[in-house]
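These notes concern the structure reproduced below.
The values are calculated or read from the model by the stated rules, or taken from the named source; none is laboratory data. Just so it is clear, the structure is predicted and the values come from calculations on it, not from any experiment. Cβ sites come from the backbone with ideal geometry, for glycine too, and all protein chains shown count toward neighbours.
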Amino acid sequence: MAKRRRRVSTEQCSPGIAKNTMSTNTTDFTTDALTIDEKRFFPESTFILWWEKVFLTILVVIFGMIGNLLSFTLLSRRRFRNSAAAFYMRALSLSDAGVIIGLVGNHTMRMYQVQMHSAIYCKTIYFLIKWLMAVSDWILGAMCLERSIAISLPLKSKRFLKPRNNRIALGCILAMLAVYYAYTFEAYGATQGVCRTVSMSYPVVIRTMVDYALVLLPMFLIISSNIVIIISVIRAARHQHTLTGSSSESSASSSTQMSLIAMLITISIAFVVLKSPHFLVKAFLPESLTKQIGYQFTSRMRAIYRLMIGIFTANGYINHAVNFYLYMLSGREYRKELKTLVKSVCKRQTDQAAPNTASSTLPNNGAD
């Protein structure tokens with residue numbers, strides 16, 4: 001920082017000493033008073049402001065909620081209803097929708113500086129965000145693990161890969177993560193209208209290590225399970241020409257399963273690409289840089305760091321909003337089911353409108 005240089009008279013410094021000289025002596029010295037750096041906007045600040053306030057809080061919320069609700073509806077239909085992968089995907093759609101609701105409840109209000117004075121509201125929102133984000137990660141990890149076992153060991157896996165066991169696994173995921181993230185009810189609260197940390201009684205170092213483990217473990221399951229799935233599918237494709245006499249029903253079932261596998265691999269890749277950079281940056285950058293807030297900074301380098309953190313954080317939320325659109329790109333049977341749903345809705349509306357039109361065109365046989 002710049003140091004301000006001053007010339008101070010000895011007379012001012014020692015007012016009680018008699019003046020023995022005709023002239024005033026002066027001495028030079030430097031002070032350690034620091035100049036105050038002014039915060040201002042940089043081009044990176046303007047971009048992240050637009051990115052968070054427009055793209056994240058409007059487009060992600062709107063299209064994410066629509067996509068997750070459509071995914072749950074389509075995966076609940078008869079074509080996918082009995083599939084284990086579809087069961088986990090339905091749960092994933094609901095947890096992703098909950099994350100987006102949490103985004104509206106807290107992060108959107110922080111971005112738009114909406115005052116919140118309810119402590120229980122802050123605690124609940126933080127709990128829902130952290131809990132449901134972890135639930136989504138572990139649901140995807142459990143789904144990948146289940147599919148890898150089912151595909152690589154098709155005969156042996158039938159003994160324990162049952163719908164009841166899938167529901168038990170989902171229940172354990174929900175319960176264990178809820179117990180861990182209950183610390184948010186003690187750690188967070190409202191301070192001057194802003195939701196923030198109010199208690200540090202829970203060891204921050206331990207909490208950080210556990211939080212990272214709860215992301216890295218499902219990520220490891222997702223990556224390793226998808227490798228097993230891809231290898232098993234390639235091996236099955238090489239031996240497909242030896243299979244004969246398959247019925248149309250088994251062919252349709254196989255097509256549905258392959259479509260679900262393609263969807264699973266696609267959202268797994270998206271998970272790794274969108275979520276891992278945020279945790280890598282937080283691990284390597286100093287904590288003082290990763291926790292910067294606002295959009296005005298004292299230097300352009302700090303604005304660049306804030307831009308990186310803002311984009312990577314937003315990408316983590318985007319991961320909970322894009323599954324429906326990734327399903328559309330990768331799942332042929334999923335697209336067919338969506339077309340069937342749209343046609344059935346349009347036909348139902350047409351059938352409901354037809355009686356009303358017919359009744360309005362009937363001749364009036366009454367007296368004039």
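Against the numbered list (1) assigned to a helix (DSSP H, G or I); (2) surrounded by 19 or more Cβ atoms within 10 Å (Cβ to Cβ); (3) modelled with pLDDT under 95; (4) touching a Phe, Trp or Tyr at 6+ places or on another chain (Cβ under 9 Å), Ile151 comes up short only at (4). I'm told Trp131 meets every condition in (1) assigned to a helix (DSSP H, G or I); (2) over 14 Å from the mean Cα position of the chain (by Cα) except one. Can you identify the failing condition by its number? That leaves (2) as the condition not met.
Checked across the stretch 234-254, the condition of being at pLDDT below 90, assigned to a loop (DSSP other than H, G, I, E, B) and under 23 Å from the mean Cα position of the chain (by Cα) holds for no residue.
Here's the yes/no breakdown for (1) aromatic (Phe, Trp, Tyr); (2) in contact with a Gly (Cβ under 8 Å, 6 or more places away or on another chain):
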site: Phe297; (1), (2): yes, no
site: Met301; (1), (2): no, no
site: Leu307; (1), (2): no, no
site: Gly316; (1), (2): no, no
site: Val322; (1), (2): no, yes
site: Tyr327; (1), (2): yes, no
site: Tyr334; (1), (2): yes, no
site: Glu337; (1), (2): no, no
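Within the stretch 175-193, being surrounded by fewer than 16 Cβ atoms within 10 Å (Cβ to Cβ) and of a type in the set (A, V, I, L, M) holds for Ala175, Met176, Ala178, Val179, Ala182. The conditions of being touching a helix residue (DSSP H, G or I) at 6+ places or on another chain (Cβ under 8 Å) and either modelled with pLDDT under 90 or over 23 Å from Ser268 (Cα atoms) (or both) are met by Thr184.
The rows are residues; the columns are (1) modelled with pLDDT of 80 or more; (2) within 24 Å of Met109 (Cβ to Cβ); (3) of a type outside the set (Gly, Ala, Ser); (4) outside any loop (DSSP other than H, G, I, E, B).
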| site | (1), (2), (3), (4) |
| --- | --- |
| Thr30 | no, no, yes, yes |
| Ala33 | no, no, no, yes |
| Asp37 | no, no, yes, no |
| Ile58 | yes, yes, yes, yes |
| Ile66 | yes, yes, yes, yes |
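For the stretch 303-332, the tally of residues that are more than 24 Å from the chain's Cα centre (by Cα) and either over 17 Å from Met89 (Cα atoms) or crowded, with 19+ Cβ neighbours inside 10 Å (or both) stands at 0.
For the stretch 154-170, how many residues meet the condition of being aliphatic (A, V, I, L, M) and in a helix (DSSP H, G or I)?
3
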